[in-house]
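Just so it is clear, none of the values below were taken in a lab; they were calculated from the coordinates. Values in this document were obtained by computation on a predicted structure and should not be read as measured data. Ideal geometry is used to build each Cβ from the backbone, glycine not excepted, and the neighbour counts take in all protein chains shown.
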Amino acid sequence: MRSYKKAWADFLIFRSKAPGARPYAAPSTREVLHYLAHLKELGRAPKTLNIQSAGISYFCKAFFTTDPCAAFIVRKTLEGWRRQHPPSADGRRPLTYDILSQIHKALRTVCWSKYEARLFSAAFSISFFGALRIGEVVCEGGVTHAQRGILLSDITLSRSDLIIRVRSSKTDQQGKGALLRLPAAQDKGPCPVRDARRFLYLRPKNPGPLFIHADGSRLARQQFTRVMRMALTACGLPAAEFAAHSFRIGAATTAVHLGLSTERIKEMGRWRSNAYKTYVRNNV
């Protein structure tokens, strides 16, 4: 809805500047085409143009009961632009368990304090074993009313497992939520239970986001990615080829290579379809 509102507001501003603008009349197909062509000339990606069109369509139907974006010429124009720019292959590398183990060791030298090392060890382990998106891990925006990201109150820790309540996600806009159970690892490497316990031992008792620094400030998305890449560089790996989403990609890749069933993989990553297959990398 935030994307739709912004698309509608930007369209109205563009429309108001046109000669002979009629701000209270229902938008015409011609006006929509002019706006989309303007965005295309600015270099906007086809995916962005589709979002803009969807936002305009939503509010036109709500306010005017008409939909200029449903016109044949608009649909075919968007389709033609998509064909001109087919989606490129996802070049992000998977962050596998072996790489996660190397990162954990490197954090001792990369981070400036014991607290920071434990903070990122826990954040990285939970991201991998939970197949989580970065937006489901860190809290952004107003921390007291954060809709996404893990809060301290969202976790239940025992000796055998870590239970996380994912309140909302990219594919769960209505906030139905989901419960993840991450069992303790048997070996001495990265473990969501062990790493979470070690971090919580040092963490201030402040409510709110789970992942906070010693001064109480929340862990930011940029910090998550920056420290991850610093650790990868320290391990001699090409950090630029990895992103925060590499944890989720690595979880799917590892699960397939371990021979887990399709149903188990979809449950693990909360995939409703076989879309997880696009995450699997064979050259690891």
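At-a-glance table
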| quantity | calculated |
| --- | --- |
| Ratio of the Cα radius of gyration of the range 68-122 to 2.2 N^0.38 Å, where N counts its residues | 2.26 |
| Entry for Kirkwood radius over Cα pairs in Å (calculated from the structure that is shown) out of [x] 20.3; [y] 19.1; [z] 21.4 | [z] |
| Rg and Dmax [Cα atoms of the range 26-94; Å; Rg one decimal, Dmax integer] | 13.7, 48 |
| Proxy reagent accessibility, fewest Cβ within 10 Å first, across LYS176, LYS40 | LYS176, LYS40 |
| At most 16 other Cβ within 10 Å, DSSP loop - trypsin sites (Lys or Arg not before Pro), the range 209-244 | none |
| Neighbour-count order for ASP98, ASP10, fewest beta carbons within 10 angstrom listed first | ASP98, ASP10 |
| Cross-link partners of LYS76 among lysines (Cα-Cα below 19 Å; sequence separation of 8 or more within a chain) | LYS40, LYS47 |
| Relative contact order (percent, whole number), the chain, Cα cutoff 8 Å, 6+ residue spacing | 19 |
| Structure-based [θ]222 nm, the chain - -39500 (n - 2.57) summed over DSSP H runs of at least 4, per residue, nearest 500 | -15500 deg cm²/dmol |
| Exposure proxy ranking, count of Cβ atoms within 10 Å, fewest first, for TRP112, TRP8 | TRP112, TRP8 |
